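Novice: I'd like to ask you about the structure that follows.
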Amino acid sequence: MDFLTIIFLVYSFIAFYFLFLFVLIYVQNRKKIFEVPPITEEYSLSIVIPCYNEEKSIGKTIDNLAKNGYSQLKKIIVVDDRSTDNSYKIMKEYEKKYPGLVLAVQTPKNTGNAAGAKNYGVQFANTTLVGFTDADSFPEKGAIKNMIGFFDDLKVGAVTSTVLVHNREKFLERLQAIEYIVIKFSRKLLEFIDSIYVTPGPLAIYRKKYFDEIGGFDEKNLTEDIEITWNFLSKGYLVKMSVPSRVYSIAPSTFRDWFKQRIRWNMGGVQTMFKYVKCFCRKGMLGAFVLPFFVFSWFIGVFGIGIILYRVIRAIILNFLSTSLSIKAQTAVLAIHDVNLVPNVLLFMGLVVFFFSLAYTLIAFFSIKEDRSKFRRPGIFPITFYIFLYLLIYPVILIVSAFKLMIGKKKW
């Protein structure tokens, strides 16, 4: 057995391991996925919205929060990070529209990232809980109320929501709609083993006492929502997810914006890995599962594409040389005994992994509950494209992200 075959088998084993793990978690907890604890105490809450050049969406975001239906929402703090458009002007208009509820503030200077604007806004919050929403995200009515009951457990430091794609007209947007559904499904399953590794920006709520204790968001990290979650886990706090709390976020509409966003996500993830590498096999599930899970994902992605490229290039060269030599020697390029229709073990394992991945994607896809009259569900072709081609781009993103980090390009 050659070295590359061994590597492929190891990759297959890791893929099987994680697929079976997620399937087993789903089978054991499928009836609990949509459960939310009842509200026994309505904790006071402030929501911070960081904003930079979001004049087209900021008004709708504020409206959605103001009308969300949670009676103890004391303050909506909208932080303009020195926008160059009319965002701040619009924010001030909504401050007048919702007097006493909406507070529009502006950072002394542009912070250059969402974490800076978020940390600036928190200083105006004086409530038990503090939440964050992106300026281009729209929480569904009732989303906040469904997150509050989790905080009755004093070990809970943060609660995240179901993030879905709002815009679904373009093909790329529909692919992301599928991706977000799968991510949402996987994130909830990770909750059952205390391993949620991110509280996404579109809607997350934190216990302010713990938030202040860890020092807020890391303004040097490109993905502050990943870093703060790992920080909570390292301190022993739990992170929960309310699946019925749906928030719809505007996804990138062009490949360039999509690629840029994914690069930032992956660079921030690597930054976080290096920051918490000392927690490996320590600090509860952060060191026992979350950190190893990230490391394996990167290892498989980066080295996997290298092996695939090696095999493809090697096959092309060998076929070219054998064809050239056969033509010169005037011998048959292909003989009947060279045709092998017997499937080998590598092909078999590859197909098994693929069909398990397909089944997992479909389970995740059909587990989501949303108003189909308002939001278009992706069809069969986008799902097929997502599985066959969309996911194959990710190893390239990993390599580009690693290269940018090595040369020091850490721009938000």
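Novice: Mind putting a number on the dipole of region 208-307 about its Cα centre? Charges go on the C-beta only, +1 for Lys and Arg and -1 for Asp and Glu, and I need it in Debye to the nearest 20.
Specialist: Working: 14 positive and 8 negative charges, 30 e Å.
Dipole of region 208-307, to the nearest 20 debye: 140 debye.
Novice: Take the eigenvalues of the Cα gyration tensor for region 209-261, scale each by 5, and report the square roots as semi-axes in whole Å, largest first. Numbers along the way, then the final one.
Specialist: Working: eigenvalues 142, 58, 15 Å².
They are 27, 17, 9 Å, listed largest first.
Novice: Taking every Cα atom in region 1-109, find the radius of gyration and the maximum pairwise distance Dmax, and write them in Å.
Specialist: 23.8, 73
Novice: What is the extension gain from Phe20 to Asp212, computed as 0.36 nm multiplied by their sequence separation minus the C-alpha to C-alpha distance, in nm to one decimal? The partial results should precede the final answer.
Specialist: Numbers: separation 192, 0.36 × 192 = 69.12 nm, distance 3.82 nm.
Taking Phe20 through Asp212 to full extension adds about 65.3 nm, to one decimal.
Novice: Could you grab the Rg to Rh ratio for region 193-296? Cα atoms only, Kirkwood for Rh.
Specialist: Result: Rg/Rh = 0.97.
Novice: Grab the eigenvalues of the alpha-carbon gyration tensor for region 111-162, scale each by 5, take roots, and send me the semi-axes largest first in whole angstrom.
Specialist: Working: eigenvalues 92, 50, 19 Å².
Three semi-axes, in Å: 21, 16, 10.
Novice: Figure the gain on full extension for Phe124 and Asn29 (residue separation times 0.36 nm, minus the Cα-Cα span) and round it to one decimal in nm. Before the final figure, lay out the partial values.
Specialist: Numbers: separation 95, 0.36 × 95 = 34.20 nm, distance 3.95 nm.
Fully extending the segment from Phe124 to Asn29 adds 30.3 nm.
Novice: Holding the Cα-Cα limit at 20 Å, pick out from Lys31/Lys188; Lys188/Lys209; Lys31/Lys67; Lys67/Lys92; Lys109/Lys275; Lys97/Lys209 the pairs that are longer than that. The partial results should precede the final answer.
Specialist: On the way: Lys31/Lys188 12 Å; Lys188/Lys209 25 Å; Lys31/Lys67 30 Å; Lys67/Lys92 18 Å; Lys109/Lys275 27 Å; Lys97/Lys209 30 Å.
The answer is Lys188/Lys209; Lys31/Lys67; Lys109/Lys275; Lys97/Lys209.
Novice: Counting only protein heavy atoms, what percent of the accessible surface of region 135-293 is carbon or sulfur at a 1.4 Å probe? Spell out each step's value before the answer.
Specialist: On the way: 3030 of 5330 Å².
Carbon plus sulfur share of accessible area: 57 percent.
Novice: Heavy atoms only, 1.4 Å probe, whole protein assembly: order Arg246, Arg282 by accessible area, highest first. Don't skip to the answer; put the middle values down first.
Specialist: On the way: Arg246 45, Arg282 125 Å².
Correct descending sequence by accessible area is Arg282, Arg246.
Novice: Next up: Label-point separation (nm) for Leu392 and Lys141, each offset 7 Å from Cα along Cα-to-Cβ?
Specialist: So the label points at Leu392 and Lys141 sit 4.5 nm apart.
Novice: Note down the nm distance, to one decimal, between modelled labels 7 Å out along Cα→Cβ at Phe280 and at Leu318.
Specialist: Those two pseudo-labels are separated by 3.4 nm.
Novice: If Trp265, Trp230 are ordered by their accessible area, calculated over protein heavy atoms with a 1.4 Å probe, which sequence runs from highest to lowest?
Specialist: Output order, biggest surface exposure first: Trp265, Trp230.
Novice: Same structure again: Would you please give the residues with an amide H less than 5 Å from that of Ala251, counting only those at least 5 places away or on a separate chain, with H modeled from the backbone geometry?
Specialist: For Ala251, the qualifying residues are His166, Asn167.
Novice: Taking K and R as +1 and D and E as -1, what net charge do the other residues with C-beta under 11 Å from the C-beta of Thr254 add up to? All intermediate terms of the calculation are to be shown ahead of the outcome.
Specialist: On the way: positive: Lys170, Arg256, Lys260; negative: Glu173, Asp257.
Summing Lys and Arg as +1 and Asp and Glu as -1 gives +1.
Novice: Continuing with the same structure: Once you order the gyration tensor axes a ≥ b ≥ c over the Cα atoms, which shape class does region 72-192 get: rounded for a/c under 1.5, otherwise prolate or oblate by comparing a/b with b/c?
Specialist: Judged from the Cα gyration tensor, region 72-192 comes out oblate (a/c at least 1.5, b/c at or above a/b).
Novice: Run the quick spin-label model on Lys92 and Lys369: label points 7 Å from Cα toward the beta carbon, then report their separation in nm to one decimal.
Specialist: Between Lys92 and Lys369, the simple spin-label model gives 4.4 nm.
Novice: Turning to a different aspect of this structure: Using 0.36 nm per residue of separation minus the Cα-Cα distance, give me the extension gain between Phe299 and Trp265 in nm, one decimal. Please list the in-between numbers first.
Specialist: Details: separation 34, 0.36 × 34 = 12.24 nm, distance 1.66 nm.
Extra length available between Phe299 and Trp265 comes to 10.6 nm.
The values are calculated or read from the model by the stated rules, or taken from the named source; none is laboratory data. Just so you know, these numbers come straight off a predicted model, no measurement behind them. Backbone-built Cβ (ideal geometry, glycine too); neighbour counts: all protein chains shown. Note: areas computed on protein heavy atoms with side chains; ligands, DNA, RNA excluded. Shrake-Rupley method; radii C 1.70, N 1.55, O 1.52, S 1.80 Å.
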